[in-house]
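Here the structure comes first, spelled out in structure tokens, and everything after it is commentary.
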Amino acid sequence: MRLAKCTLKHGWDICESGKIAELYEMAFGEKFASAISKKSGRLTVLEKSFLPQFSYIALFEGKVVGVAGFKTSEGSLTGGLDINGLVACLGFVKGVKAALLFSLFERKARKNELLMDGIAVDTKYRGLGIGSQLLDAIIDYAAQNKYDSVRLDVIDSNVRARKLYEAKGFIATKQEYYPYLKFLLGFSGSTTMHYNIKSS
């Protein structure tokens, strides 16, 4: 099956929040399981926490098949995953626990830098270039808005994603290992990669 080029859209309508949450759960559910154990709970939190203006979605034949989030000094796709939002969804004890665990994933965007906030593609459409198209949209957005670079973190077990980023021109700049946190995070290390807008 060869997929025609998708339609890319900046942000989405509120009626699509449930599908976006499902896509994110497909990609990152295991990673978030230590913070919110039940899938139904994760979907509820994600649906209520996303900020659509910090994302692009991919549509194929009118169906949402992918999403890519980003973070700036003004906010991020997952900006609602703060302690207030988590407590409101999960209650005080579970909300505080989830907030503490999510803080381990927290990355801050530096000045003039756009930070990736996850790419998720429907499992039925993976390997067909959708992630690549979404990544191009993020890079184009960064260039149009005068950012100097795009930064992302890829976990050590996601070899396929790293190959995509390298093919797009991202360069590994830092590696971190934390095997003692694998039982919490689901992975034991990550690599920070940068794409230099000015040299592209």
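The values are calculated or read from the model by the stated rules, or taken from the named source; none is laboratory data. Just so we're clear, the structure is a prediction, and the values are computed from it rather than from any experiment. Heads up, the Cβs are rebuilt from the backbone with ideal geometry, glycines too, and the neighbour counts pull from every protein chain shown.
What the table below lists for this structure:
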| item | result |
| --- | --- |
| Residue within region 71-79 that is surrounded by fewer than 19 Cβ atoms within 10 Å (Cβ to Cβ), modelled with pLDDT under 90, within 30 Å of residue 5 (Cα to Cα) and touching a Ser or Thr at 6+ places or on another chain (Cβ under 8 Å) present | yes |
| Test: residue in region 172-192 that is at pLDDT below 85 and farther than 28 Å from residue 35 by Cβ | no |
| Subset of region 130-168 (residues that are under 15 Å from the mean Cα position of the chain (by Cα) and charged (D, E, K, R)) | 136, 151, 153, 162 |
| Residue within region 33-46 that is in contact (Cβ under 8 Å) with a residue 24 or more places away in the chain, among the basic types (Lys, Arg) and closer than 25 Å to residue 103 by Cβ present | no |
| Those helices (runs of 4 or more DSSP H) lying entirely in region 87-177 with at least 3 residues small (Gly, Ala, Ser) | 92-102, 130-144 |
| Residue within region 150-161 that is of a type outside the set (Val, Ile, Thr), in contact with a Leu (Cβ under 8 Å, 6 or more places away or on another chain) and over 30 Å from residue 41 (Cα atoms) present | no |
| Condition met for residue 104 (farther than 21 Å from residue 22 by Cβ and surrounded by 20 or more Cβ atoms within 10 Å (Cβ to Cβ)) | no |
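Rundown of residues vs (1) under 16 Å from the mean Cα position of the chain (by Cα); (2) of a type in the set (Val, Ile, Thr); (3) not in a loop (DSSP other than H, G, I, E, B), yes/no style:
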| site | (1), (2), (3) |
| --- | --- |
| 15 | no, no, yes |
| 24 | yes, no, yes |
| 29 | yes, no, yes |
| 35 | no, no, no |
| 44 | no, yes, yes |
